[in-house]
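This report concerns only the one structure given below.
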């Protein structure tokens, strides 16, 4: 059956939508907004080709990272067509609108590009970079080791840029804020119960240890840049003084938020959206205390949730 | 003595462990066998306190069993992404002074500098096993430890279990393959519909096959011959 992969995807999508509950509304809103922006760009005609390239590259990167290729090519009928259809459907809301604009010729180009993508059948095997990382970051802070390996290019680039421009107003803080958003994603996986219980800590002490480790790394990374920035921009001293506590409260909230819904061996994809919303909010003056308030609320929720795993 | 008193676990309407009361001798290897859905993993989860029982007590020498008392090897092992085998092992403090990684590595040959997500099922099982052997716990719970292991490692695992017994540890093992249990266990307990219905001493191990599969063989023989 040629549509069997699509049938599986629809089932998975339904399950994800159920899991997201009301969070699906902002996701649909963002997708609708992007679809609207792409339609406008297709009408103007200037950036149409770049949108098509971006969509093709997006599908290519998904194709390289997907782990079901061997299964699909081995067990499904017409695997090439099935994967192609999947990418066509995925890009449809952001590409089909070009058919009613003067950039209509982009759509057949996109289809040709998408048709070629399933021809790449090989799978990338992840290599262990930075093998001695546990000499710098303690293995008990495995979230940081794992997160750094996943995102080291972005982390290093952002940090070097923040150092390079540390004498400028706002820009280094913006880069560090972006770095905080990357660090938030370190806490999206729930470790196994064996790892959780290592050290036999009570829920409160367990959370404090996690928070301490995170705060230490953030202080080591952010403090030198903020000090230099304050030296060059004394008029921004108050903003600089508030910056690190806000980033710490954001990360503290992320840690407590994860453990408030901790389920062993699960990846909490649904947590990403609320975290993204709170981190966006933390950049707006009126919402600055929000992460700190949420941290306090979720600290107690996390403590309660962990009781079932850590208390006798 | 590890005593289970009136242990019950239900999932919704479904009773998985049904008012179990049982005593297990310490320093022995206890095999837990049962057909699919008998409640083996739920029993282990209750023993390791990874799930809360609805009712009942689990005691060790008259004192409630604690999380610190058990090391638990689950059937399927989960590892944080982009972590190497070495880093995973470093997460666990070595409380077992005799544990020597290099010695185990002579047999397991794990690529400890590689990411765990690139490991095979058997390699992941070996890594998880090493992590629990690093710890000095009185009770080891091994749920399907022989699954996915190669022949040599199966034999090494049997030797590990025997050594744990000699060191006075209490070991609980389940397995879908009866043979390794026959060589390692002091007693094998038959779990059926959430209750232990019979325990076998070593001298009675030859009766296990009939007790476990007798009914199934009786029912299935005719059905299969009709269906084929």
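The values are calculated or read from the model by the stated rules, or taken from the named source; none is laboratory data. Everything numeric here is computed off the predicted structure, so don't read it as measured data. Don't worry about glycine lacking a Cβ; one is built from the backbone with ideal geometry, like all the others, and counts go over all protein chains shown.
Return yes or no: is residue B:68 within 8 Å of chain A (Cβ to nearest Cβ), surrounded by 21 or more Cβ atoms within 10 Å (Cβ to Cβ), more than 11 Å from the chain's Cα centre (by Cα) and at pLDDT below 95?
Details: within 8 Å of chain A (Cβ to nearest Cβ): yes; surrounded by 21 or more Cβ atoms within 10 Å (Cβ to Cβ): no; more than 11 Å from the chain's Cα centre (by Cα): yes; at pLDDT below 95: yes.
Answer is no for this residue.
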Discussion item. Assigned to a helix (DSSP H, G or I), closer than 24 Å to residue A:304 by Cβ and touching a residue at least 40 places away in the same chain (Cβ under 8 Å): is that true of residue A:184 in this structure?
Written reply: yes
Worksheet item: Which ones in the range B:169-180 are modelled with pLDDT of 95 or more and out of contact with any helix residue (DSSP H, G or I) (no Cβ under 6 Å at 6 or more places or on another chain)?
Response: B:169, B:170, B:172, B:173
Worksheet item: Residues in the range B:72-88: is at least one within 10 Å of chain A (Cβ to nearest Cβ), in contact with a helix residue (DSSP H, G or I) (Cβ under 6 Å, 6 or more places away or on another chain) and either at positive phi or surrounded by fewer than 18 Cβ atoms within 10 Å (Cβ to Cβ) (or both)?
Response: yes
Worksheet item: Can you name the number of the only condition in (1) over 30 Å from residue A:13 (Cβ atoms); (2) modelled with pLDDT of 95 or more that residue A:259 fails?
Response: (1)
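Here is a yes/no grid of residues against (1) away from chain B (no Cβ under 14 Å); (2) modelled with pLDDT of 85 or more:
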{"site": "A:45", "(1), (2)": "yes, no"}
{"site": "A:49", "(1), (2)": "yes, yes"}
{"site": "A:56", "(1), (2)": "yes, yes"}
{"site": "A:68", "(1), (2)": "yes, no"}
{"site": "A:99", "(1), (2)": "yes, yes"}
{"site": "A:104", "(1), (2)": "yes, yes"}
{"site": "A:119", "(1), (2)": "yes, yes"}
{"site": "A:125", "(1), (2)": "no, no"}
Practice prompt. Would you check which residues across the range B:196-228 are in contact with a strand residue (DSSP E or B) (Cβ under 8 Å, 6 or more places away or on another chain) and outside any helix (DSSP H, G or I) and list them?
Written response: B:196, B:197, B:198, B:199, B:200, B:201
Discussion item. Go through the range B:170-183 and report how many residues are buried (at least 20 other Cβ atoms within 10 Å of the Cβ) and more than 19 Å from residue B:125 (Cα to Cα).
Written reply: 1
Worksheet entry | Condition broken by residue A:301, with the remaining ones in (1) assigned to a loop (DSSP other than H, G, I, E, B); (2) more than 20 Å from the chain's Cα centre (by Cα); (3) more than 14 Å from chain B (Cβ to nearest Cβ) satisfied | (1)
Fill in: Failed criterion for residue B:207 (all others in (1) over 30 Å from residue B:98 (Cα atoms); (2) within 18 Å of the chain's Cα centre (by Cα) hold)
(2)
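Working carefully through the options A:134, A:95, A:146, find the one that is in contact (Cβ under 8 Å) with a residue 40 or more places away in the chain, part of a helix (DSSP H, G or I) and either within 14 Å of another protein chain (Cβ to nearest Cβ) or under 30 Å from residue A:199 (Cα atoms) (or both). Show your work before the answer.
Details: A:134 fails: in contact (Cβ under 8 Å) with a residue 40 or more places away in the chain; A:95 fails: either within 14 Å of another protein chain (Cβ to nearest Cβ) or under 30 Å from residue A:199 (Cα atoms) (or both).
Of A:134, A:95, A:146, the one residue that is in contact (Cβ under 8 Å) with a residue 40 or more places away in the chain, part of a helix (DSSP H, G or I) and either within 14 Å of another protein chain (Cβ to nearest Cβ) or under 30 Å from residue A:199 (Cα atoms) (or both) is A:146.
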Worksheet entry | Odd one out for residue B:43 among (1) within 16 Å of the chain's Cα centre (by Cα); (2) within 14 Å of another protein chain (Cβ to nearest Cβ); (3) crowded, with 22+ Cβ neighbours inside 10 Å; (4) assigned to a helix (DSSP H, G or I) | (2)
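So which of A:134, A:61, A:56 ends up being surrounded by 13 or more Cβ atoms within 10 Å (Cβ to Cβ) and more than 30 Å from residue B:90 (Cα to Cα)? Outline the logic, then answer.
Working: A:134 fails: more than 30 Å from residue B:90 (Cα to Cα); A:61 fails: surrounded by 13 or more Cβ atoms within 10 Å (Cβ to Cβ).
Going through A:134, A:61, A:56 in turn, the sole match is A:56.
Return the residues of the range A:155-167 that are touching a residue at least 12 places away in the same chain (Cβ under 8 Å) and more than 14 Å from chain B (Cβ to nearest Cβ); say none if nothing qualifies. Explain how you work it out, then say what you get.
At the first step, the residues of the range A:155-167 found to be touching a residue at least 12 places away in the same chain (Cβ under 8 Å) are A:155, A:158-159, A:161-163, A:166-167.
A:158, A:159, A:161, A:162, A:163, A:166, A:167 - these are the residues of the range A:155-167 that are touching a residue at least 12 places away in the same chain (Cβ under 8 Å) and more than 14 Å from chain B (Cβ to nearest Cβ).
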Worksheet item: Quick one: how many residues across the range B:143-159 are surrounded by fewer than 20 Cβ atoms within 10 Å (Cβ to Cβ) and part of a helix (DSSP H, G or I)?
Response: 7
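For the range A:98-121, which positions are outside any helix (DSSP H, G or I) and under 13 Å from residue A:83 (Cβ atoms)? Spell out how you get there, then give the answer.
If we filter the range A:98-121 for residues that are outside any helix (DSSP H, G or I), which is where we start, we get A:101-105, A:120-121.
Of everything in the range A:98-121, those that are outside any helix (DSSP H, G or I) and under 13 Å from residue A:83 (Cβ atoms) turn out to be A:120, A:121.
Take the residues of the range B:89-101 that are part of a loop (DSSP other than H, G, I, E, B) and within 8 Å of another protein chain (Cβ to nearest Cβ): which is surrounded by the most Cβ atoms within 10 Å (Cβ to Cβ)?
Restricting to residues being part of a loop (DSSP other than H, G, I, E, B) and within 8 Å of another protein chain (Cβ to nearest Cβ), the top hit is B:92.
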Worksheet item: Which one is farthest from the other protein chains (Cβ to nearest Cβ), of the residues in the range B:102-142 that are over 24 Å from residue B:28 (Cβ atoms) and part of a loop (DSSP other than H, G, I, E, B)?
Response: B:109
Practice prompt. Only helices (runs of 4 or more DSSP H) wholly contained in the range A:188-288 count here; list those with 3 or more residues that are within 18 Å of the chain's Cα centre (by Cα) and surrounded by 14 or more Cβ atoms within 10 Å (Cβ to Cβ).
Written response: A:237-260, A:272-281
Worksheet item: Could we say that residue A:170 is loosely packed, with under 15 Cβ neighbours inside 10 Å and modelled with pLDDT under 90 here?
Response: yes
